[in-house]
Every structure is written in C-alpha cells, then in structure tokens.
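*Asks:* Once you've had a glance at the structure underneath, I'll fire off some questions.
The values are calculated or read from the model by the stated rules, or taken from the named source; none is laboratory data. As the structure is a computational prediction, the values presented were derived from the model and not from experiment. FYI the Cβ positions are ideal-geometry reconstructions off the backbone, even for glycines, and counts take in every protein chain you see. Protein only, heavy atoms only, side chains kept; ligands, DNA and RNA dropped before computing areas. Shrake-Rupley method; radii C 1.70, N 1.55, O 1.52, S 1.80 Å.
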Amino acid sequence: LDPRNAYISRGARFRLTAEVVRDQALQVSGLLSTKTGGPAVMPPQPAGLWRSTYNGKNWIDAEGEDRFRRGIYTYLKRTTPYPSFTSFDAGSGEVCLVRRIRTNTPLQALITLNDPVYLEAAAALANRMISSSTDIQERIHAGLRLSLIRPITDNDAQPLLKLLYDAIK
C-alpha cells in the first residue's frame with residue numbers, strides 16, 4: 001500500500017545509536033531537556049571511573065535540567081569515554097566515523113537496567129503511568145502508548161498484565 005514509504009509506515013530495522021537510545025529513554029519518561037546550545041554536561045557515571053593520573057580533574061555529575069540534556073551534549077573524554085555510549089557502539093572521538101558498527105551484547109541490556117540515567121527515566125515513566133489513572137490496565141496502556149507511540153491493543157498489554165499478576169502472587 002505504501003511502497004515508497006511516503007506515509008512513513010515502516011522504519012529501519014536497526015538499533016538506535018548510543019546517543020538516541022539515551023534520548024529516547026529520557027523523552028518517553030518526560031525528563032528530556034529541550035535546552036539547546038551551551039557547554040557539554042556530565043551525566044551520572046560510576047564514581048572513580050574518570051580518575052586520571054595525568055590531571056586532577058573530576059567528573060562532576062550534572063544537576064537539574066542539565067542532567068537530562070540530549071546525548072549530543074555529553075562531555076567526551078577520549079581516554080575515558082562515557083560507559084553507556086561505549087556499550088552502544090558510539091565513536092571514541094579520536095577519528096571521524098562514516099558508519100558505526102552495530103553490535104548486540106548483553107552489556108547493552110545491563111546498561112539499561114543499571115545505569116543511573118535509565119533508572120531515573122524508568123522511575124519517571126512509572127510516575128507518569130501512575131498519575132494517568134487509578135486502573136492498572138489503563139496505566140499499562142498509558143505506559144505502552146508513551147513507549148510505542150501508537151494505539152495499544154489488548155494483545156500488547158496482556159504479557160505485562162500477566163507479569164504483574166505473577167509478581168503479586
């Protein structure tokens with residue numbers, strides 16, 4: 001029906017880039033800052049990871065709105081890159097990349113489960129879902145609608161409802 005994809009009825013079958021994975025999590029959660037321009041920011045990162053014997057500089061976690069700025073504003077240090085971006089195949093900044101190599105590793109799943117940015121985004125999404133309704137099924141539909149950006153069917157929500165009921169037992 002749409003051979004030239006004029007209605008954008010389908011998308012690429014590739015994983016998003018490192019910066020966009022982070023931006024999408026923040027957007028869905030409602031935390032993404034729309035502020036443009038300005039200096040690079042330092043989102044949360046494991047303590048001591050950025051320690052260097054060559055200088056006395058420290059990684060200082062951004063506060064407030066800057067904590068949730070787009071990935072393009074993330075401070076880049078070539079010798080100690082931002083771990084989340086490294087796991088999702090972002091460039092090191094040493095050379096220009098024409099094309100990024102895409103990998104799928106268990107580390108990517110661990111990043112989305114443990115990185116402070118993704119934990120904060122998950123909590124904010126949960127708060128958005130809770131404030132949307134008092135009905136559990138409506139909350140799940142609201143979360144799926146925010147995440148998938150399309151109308152939700154009962155088949156979409158069924159696995160999440162089952163998971164919830166199994167966890168309550």
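*Asks:* Calculated from DSSP H runs of 4 or more alone, at -39500 (n - 2.57) each and per residue, what is the 222 nm mean residue ellipticity of the chain, nearest 500? Intermediate values should be presented prior to the final figure.
*Replies:* Values: 6 runs with 71 residues, N = 169.
When only DSSP H runs of four or more count, the value is -13000 deg cm²/dmol.
*Asks:* Still on this model: Which values, in whole Å and largest first, are the semi-axes of the equivalent ellipsoid of region 1-88 obtained as the square root of 5 times each eigenvalue of the Cα gyration tensor?
*Replies:* 32, 16, 10
*Asks:* With a cut-off of at most 10 other beta carbons within 10 Å, and DSSP calling the residue loop, which GluC sites (Glu not before Pro) in region 61-117 qualify? Please list them.
*Replies:* 63, 94
*Asks:* Name the residues whose placed amide hydrogens come within less than 5 Å of the amide hydrogen of residue 41, ignoring near sequence neighbours (fewer than 5 apart) on the same chain.
*Replies:* Result for residue 41 returns 74, 75.
*Asks:* Please quote Rg/Rh for region 113-169 to two decimal places, taking the Kirkwood radius as Rh and restricting both calculations to Cα atoms.
*Replies:* Ratio value, two decimals: 0.98.
*Asks:* ³J(HN,Hα) across region 23-31 via Karplus (A = 6.51, B = -1.76, C = 1.60, θ = phi - 60°), whole Hz, x for Gly/Pro?
*Replies:* 4, 5, 4, 5, 5, 4, 6, x, 8
*Asks:* Something else: For a quick protection proxy, order the peptides 152-165, 26-39, 115-128 by their average other-Cβ count within 10 Å, most packed first.
*Replies:* Working: 152-165: 12.1, 26-39: 14.3, 115-128: 17.0.
Packing order, densest peptide first, comes out as 115-128, 26-39, 152-165.
*Asks:* At a threshold of 8 angstrom on Cα-Cα distance, excluding pairs fewer than six apart, so keeping six or more, what relative contact order does the chain reach in percent? Before the final figure, lay out the partial values.
*Replies:* Values: 152 pairs, mean separation 38.5, N = 169.
Computed value for the chain: 23 percent relative contact order.
*Asks:* Tell me which chymotrypsin sites (Phe, Trp or Tyr not before Pro) from region 1-71 have a DSSP coil assignment and no more than 13 other beta carbons within 10 Å of their own. Before the final figure, lay out each step's value.
*Replies:* Numbers: sites: 7, 14, 50, 54, 59, 68; in loops: 7, 14, 50, 54, 59.
Of the chymotrypsin sites (Phe, Trp or Tyr not before Pro), the ones in loops of region 1-71 whose Cβ has at most 13 other Cβ atoms within 10 Å are 7, 14, 54.
*Asks:* Same structure, new question: Taking all protein chains together and a probe of 1.4 Å, list 4, 10 from the most accessible to the least accessible. Intermediate results must be reported in sequence, preceding the final value.
*Replies:* Values: 4 215, 10 115 Å².
Accessible-area ranking of 4, 10, largest first: 4, 10.
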